Amino acid sequence: MVKTHKLLAMILVLIIAVTSVSFAAPNEKAAAALDKKVLTKLNSERAMEHIVYLSEVIGPRVAGTAEEREAAEYIKKVFEEYGYNPVIQEFSYNDSESSLFVKEDEITAYGAYGQYFTGYSEVTGNLVDCNLGLLTSEFPDEVRGNIALIKRGSAYGITGYFSLKAKMAQDAGAAAVIIYSTDNSPFGPTMQTEHINIPVVMISKNDGEALLAQVKAAASEGESVQATVNVELLDVYSQNVIAVKEPTNKKKSGIVYVTAHYDSVPGAPGANDNASGTAMMLEYARILKSLPTDKEVRFIACGAEEVGLEGSFYYVENLSQEEIERSIANFNMDMIATSYEDCTVLEVSTVDGEPNYVSELAVAAGARLGNLTKIEAEYGISSDHRYFGYIGIPHGGFIWRSEDGRLEPWYHQPQDTIKQNISLERFTKAGEIIGTALYEALRKPTPSLKKSAVRKINNIFDAGAVK
Ligand code: BES
Ligand code: ZN
């Protein structure tokens with residue numbers, strides 16, 4: 001009897017000892033074990049080959065061009081080599097070609113764009129000075145059926161969103177809008193807060209002031225200046241490349257999205273922006289193929305990001321309610337390998353600047369691997385995590401930046417090349433931090449997530465993210 005008691009007591013002591021040891025630092029230990037699986041497999045030198053192919057063999061990959069398509073085919077081929085069945089998801093978006101004629105003279109004009117802009121038509125009418133176009137009282141009666149000439153900028157405590165000005169003009173009965181800039185680098189004004197169905201263009205400050213002078217001179221003679229504004233719709237075709245890894249145990253699970261855009265701006269080889277993020281996404285696809293994962297992983301190479309996040313917008317817009325409800329995380333990589341010496345902080349941006357499941361996993365992984373990873377909101381909406389965030393999915397956009405938030409000076413420049421702008425060390429570090437955070441999301445039980453209202457995207461400024 002005594003002996004049994006003694007044995008039982010010993011077993012009990014042993015159990016307590018063992019459990020208390022394993023409870024000493026359970027999170028760190030479990031995390032370290034998962035980290036190891038990723039870190040031993042991750043090969044950033046190998047991933048660098050994708051940056052070489054995308055930025056040097058193909059070069060600039062502008063949305064809607066043959067080069068962007070070629071990059072998509074390359075990504076598809078790599079997914080296939082890694083054992084996936086990728087699909088190319090095609091989509092089209094609206095672009096425009098614009099012109100402005102005043103008498104015989106053509107003035108350089110940039111047409112409006114945006115998901116809420118449908119003002120594709122040609123309008124001839126008289127130019128009417130509407131000052132800043134922010135108050136009803138700034139629109140004279142003559143603007144009805146004519147062309148509102150509006151100055152760019154804010155006043156009276158009202159933020160001068162281009163679409164607000166266009167809406168005011170539209171409501172006043174204007175048939176078209178010309179906004180003249182405060183500098184001589186006009187661009188296509190975005191229409192993202194209001195539905196606008198009349199043509200809207202932007203012109204330079206010099207051209208705008210010259211027009212205004214003509215209008216005033218004519219008015220003093222009791223005359224007016226006639227102009228023709230044309231904004232023509234062009235359909236542009238682009239594509240996302242998608243590969244899916246089902247959970248190892250085949251049960252319905254949460255969905256984790258790994259995203260990166262592969263297009264670039266005109267003239268830029270886009271080695272860092274964003275062959276870097278695309279390459280690391282492909283490397284994650286490679287290593288996760290041979291690792292157990294408890295969640296569904298969707299790798300999405302997004303097209304047409306640089307023209308307004310078109311690929312990710314299309315993707316998120318087409319998720320079903322069932323898919324949205326299963327979605328637990330979006331890891332978006334955009335500019336993760338710059339060699340610019342000041343960019344020492346791996347930032348994880350969220351659309352509301354608030355921490356979430358993804359940012360917290362990333363900050364913890366950064367701390368484990370010895371790197372400063374911080375949450376930042378300011379540019380949270382400048383890349384493909386935006387719409388995942390807007391529909392309530394925990395998300396993070398990863399980017400290297402300086403302590404005070406600067407990017408490399410070669411951002412969107414022809415110097416965004418491997419030679420000038422890529423650091424294997426930063427690429428590796430980012431790959432390790434994001435990769436280990438990602439693997440935690442794929443292995444650990446998902447905590448109950450505080451999701452914001454899950455809804456379809458309707459008006460992005462309405463989604464609670466931009467104030
Ligand atoms: N890689 C950039 C995102 C970025 C830009 C992050 C600036 C941090 C600072 C991205 O490709 C880009 O240029 N995005 C566009 C936004 C988009 C809505 C056209 C941008 O910021 O101009
Ligand atoms: Zn980018």
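What the table below lists for this structure:
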read-out: Subset tally (residues that are closer than 25 Å to LYS41 by Cα, in a helix (DSSP H, G or I) and of a type outside the set (Ser, Thr, Tyr)) for the range 274-323; value: 13
read-out: All positions within the range 108-145 that are of a type in the set (A, V, I, L, M, F, W, C) and surrounded by fewer than 19 Cβ atoms within 10 Å (Cβ to Cβ); value: LEU132, LEU135
read-out: Some residue of the range 311-325 being among the small types (Gly, Ala, Ser), touching a Phe, Trp or Tyr at 6+ places or on another chain (Cβ under 6 Å) and closer than 16 Å to VAL241 by Cα; value: yes
read-out: Residue satisfying condition, being more than 30 Å from GLY83 (Cα to Cα) and within 16 Å of ligand 1 (Cβ to nearest atom), within set VAL215, VAL265, VAL231; value: VAL265
read-out: Top-ranked residue of the range 251-295 - restricted to ones that are touching a residue at least 12 places away in the same chain (Cβ under 8 Å), among the charged types (D, E, K, R) and more than 13 Å from ligand 2 (Cβ to nearest atom), ranked as surrounded by the most Cβ atoms within 10 Å (Cβ to Cβ); value: GLU283
read-out: Members of the range 120-140 that are of a type in the set (Gly, Ala, Ser) and either over 31 Å from the mean Cα position of the chain (by Cα) or at pLDDT below 95 (or both); value: GLY125, SER137
read-out: All positions within the range 239-262 that are within 15 Å of ligand 1 (Cβ to nearest atom) and of a type in the set (A, V, I, L, M); value: ALA260
read-out: Helices (runs of 4 or more DSSP H) (entirely within the range 344-437) containing at least 1 residues that are among the aromatic types (Phe, Trp, Tyr) and within 19 Å of the chain's Cα centre (by Cα); value: 357-368, 386-390
read-out: Residue ID - nearest to SER448 (Cα to Cα), chosen from residues in the range 340-386 that are away from ligand 1 (no atom under 16 Å from the Cβ) and among the polar types (S, T, N, Q); value: ASN356
read-out: Some residue of the range 351-361 being hydroxyl-bearing (Ser, Thr, Tyr) and buried (at least 19 other Cβ atoms within 10 Å of the Cβ); value: yes
read-out: Residue list for the range 222-254, restricted to those being more than 21 Å from the chain's Cα centre (by Cα), of a type in the set (A, V, I, L, M, F, W, C) and in a strand (DSSP E or B); value: ALA227, VAL229, VAL231, LEU233, LEU234
read-out: Those residues of the range 202-221 which are over 35 Å from the mean Cα position of the chain (by Cα) and either outside any helix (DSSP H, G or I) or within 16 Å of TYR113 (Cα to Cα) (or both), in sequence order; value: GLU221
read-out: Given (1) touching a residue at least 12 places away in the same chain (Cβ under 8 Å); (2) in contact with a Ser or Thr (Cβ under 9 Å, 6 or more places away or on another chain), index of the condition GLU106 fails; value: (1)
read-out: Criterion violated by TYR390 - all others in (1) at pLDDT 95 or above; (2) away from ligand 2 (no atom under 13 Å from the Cβ); (3) of a type in the set (Phe, Trp, Tyr) satisfied; value: (1)
read-out: Total residues in the range 286-321, condition within 16 Å of ligand 1 (Cβ to nearest atom) and aliphatic (A, V, I, L, M); value: 6
read-out: Single match in SER349, SER359, SER402 (criterion: within 15 Å of ligand 2 (Cβ to nearest atom) and of a type in the set (Ser, Thr, Tyr)); value: SER349
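The values are calculated or read from the model by the stated rules, or taken from the named source; none is laboratory data. Nothing here was measured: the structure is a model prediction, and the numbers come from that model. Don't worry about glycine lacking a Cβ; one is built from the backbone with ideal geometry, like all the others, and counts go over all protein chains shown.
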